[in-house]
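First the structure, in the form of structure tokens, and then the observations on it.
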Amino acid sequence: MTIIQPNKNFIFNPTLILLVAVLVLMAIFGIQLYNQNVNLRHAISESQKNFQEQNTLNAEYKNKYYQIFNNRNMEAIAKQKGLVPDKNPIYLENKALTLKEP
């Protein structure tokens, strides 16, 4: 009986090794790039969420500010403090700050 055996002296082909190495490196690089992309998308969504929260907070603060400084509240605060409106106010003048014409 004859047994056919292939050549047992297999020589590693440098081109094949190089191709496999390049494929492995490309796969690693692709996975790393994908992870960076996913992390960036998560960071963007977190930033958008934070931005929306800050806008809501800003609107609430503006609302409180306008409620405090509307005319009715200002008049009530002035009455509480004993302030009266001055119909003929007298202003101080600073001559150093006035403009002189040449």
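Filtering VAL38, VAL20 for residues that are under 37 Å from the mean Cα position of the chain (by Cα), at pLDDT 90 or above and not polar (S, T, N, Q) leaves a single hit, VAL38. Of all the numbered requirements in (1) within 38 Å of the chain's Cα centre (by Cα); (2) at pLDDT 85 or above, ASN88 misses one, and that requirement is (1).
Close contacts from segment 41-61, counting a first residue that is among the hydrophobic types (A, V, I, L, M, F, W, C) and a second that is surrounded by fewer than 10 Cβ atoms within 10 Å (Cβ to Cβ) and outside any helix (DSSP H, G or I), with Cβ to Cβ under 7 Å and a gap of 6+ residues or different chains, come to none at all.
The values are calculated or read from the model by the stated rules, or taken from the named source; none is laboratory data. On a predicted model such as this, the values are computed, not experimentally measured, just so you know. With ideal geometry, Cβ positions are generated from the backbone for all residues, glycine too; neighbour counts draw on all protein chains shown.
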